[in-house]
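Notes follow once the structure below has been shown.
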Amino acid sequence: MTAPAQPLVLLPGRSASREDPDWADGLPIQMMNQAYISALQRAGLTPLVIPLGTPVPDRWDWVDGLVLPGGADVEPARYGAAAHATSEWDEPLDELEVRLFEWATSQGIPVFGICRGLQVINVALGGTLWQDLPSQRTQGVGHTRQGPRDRLTHRLLVEPDSHLHRILGAEEYSVNSLHHQGVDRLGRGLRASARSEDGLIEAIESTEGSFLLAVQFHPEELAEAHPFARHLFEAFAEECRVHAATGSPKLLEAAAP
């Protein structure tokens, strides 16, 4: 008997370059961090990296989920702000990810955002961002990178009545932190489901039923060693399997692991 196919999930690619003698600034490539690929595969999903510039059709019947991973800043003009001196964005990436997010939510496809992905979701739904936490929110805990990517640097305080709490099962965890921007004003249809100890929003979710979850930290870097991070990918994978089987999302109803 042939094993059932694993759900297919999209990840927008990232612009990068690698050293090449024919290219003074490096050979342009598109890529995705292995940690995302490994965490999704471990959860039973097949990730497909989508190149920048890909047209988003009305229908992709074979897609069961969308992951919006970490990366560059979101262009400040998208939320009505002048650019801070530290802001660096990738316009083709912004365009692709916003279009993919709008398409996925219109089709009821599960969406999981990580770091930049949380910020893209918030901006796409009319929210705003702090452009540089170290200079604009000086009383907060350290959110920028502090050593290895998997170093646990601050607490995650989970709202007890949230979908996130149903997934994780507890109200406090320690997480890594690799970002200099963050959510200021929440977008429409979203709620904060976790914060850091300084009050910065660290996770958001939809208030309107279908699976839409995003975290500001990087669970893909923690998934191998920390069960709570794996639970996030497993919950997303379960939603993708439901979509693959039925073509529709479901509410998170299962008890926490």
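The values are calculated or read from the model by the stated rules, or taken from the named source; none is laboratory data. Please read these numbers as outputs of a predicted model, since none were measured by experiment. Neighbour counts are summed over all protein chains in view; Cβ atoms, including those assigned to glycine, are modelled from backbone coordinates with ideal geometry.
Anything in segment 191-211 that is touching a helix residue (DSSP H, G or I) at 6+ places or on another chain (Cβ under 7 Å) and aliphatic (A, V, I, L, M)? List them, or say none. Across segment 191-211, the qualifying residues are ALA194, ALA203, ILE204. Looking only at segment 230-252, filter to residues that are in contact with a helix residue (DSSP H, G or I) (Cβ under 9 Å, 6 or more places away or on another chain) and modelled with pLDDT of 95 or more; which one of those is nearest to PHE112 (Cα to Cα)? Step by step, filter segment 230-252, then rank; the result is PHE236. Among the residues of segment 57-84, those identified as without any contact (Cβ under 8 Å) to a residue 24 or more places away in the chain and over 24 Å from SER210 (Cα atoms) are GLU75, ALA77, ALA82.
Taking the conditions (1) of a type outside the set (D, E, K, R); (2) modelled with pLDDT under 95; (3) touching a helix residue (DSSP H, G or I) at 6+ places or on another chain (Cβ under 9 Å); (4) within 24 Å of TRP103 (Cβ to Cβ) in turn, ALA170 satisfies each one other than (4). Checked against the criterion of being surrounded by 21 or more Cβ atoms within 10 Å (Cβ to Cβ), closer than 30 Å to LEU8 by Cβ, touching a residue at least 24 places away in the same chain (Cβ under 8 Å) and aromatic (Phe, Trp, Tyr), segment 93-105 has at least one qualifying residue.
With respect to the conditions (1) buried (at least 20 other Cβ atoms within 10 Å of the Cβ); (2) within 23 Å of GLN107 (Cα to Cα), VAL74 lacks only one, and its number is (2). Listed by position, the strands (runs of 3 or more DSSP E) inside segment 1-120 whose residues that are farther than 27 Å from LEU156 by Cα and polar (S, T, N, Q) number at least 3 form an empty set. Of the residues screened, PRO69 is one that is in contact with a strand residue (DSSP E or B) (Cβ under 9 Å, 6 or more places away or on another chain), at pLDDT 90 or above and surrounded by 15 or more Cβ atoms within 10 Å (Cβ to Cβ).
Just so you know, in segment 121-134 the residues that are outside any loop (DSSP other than H, G, I, E, B) and of a type in the set (A, V, I, L, M, F, W, C) include one that is nearest to HIS179 (Cα to Cα), and it is LEU133. Given the criteria over 29 Å from GLY53 (Cβ atoms) and either touching a helix residue (DSSP H, G or I) at 6+ places or on another chain (Cβ under 9 Å) or modelled with pLDDT under 95 (or both), does LEU156 qualify? Answer is yes for this residue.
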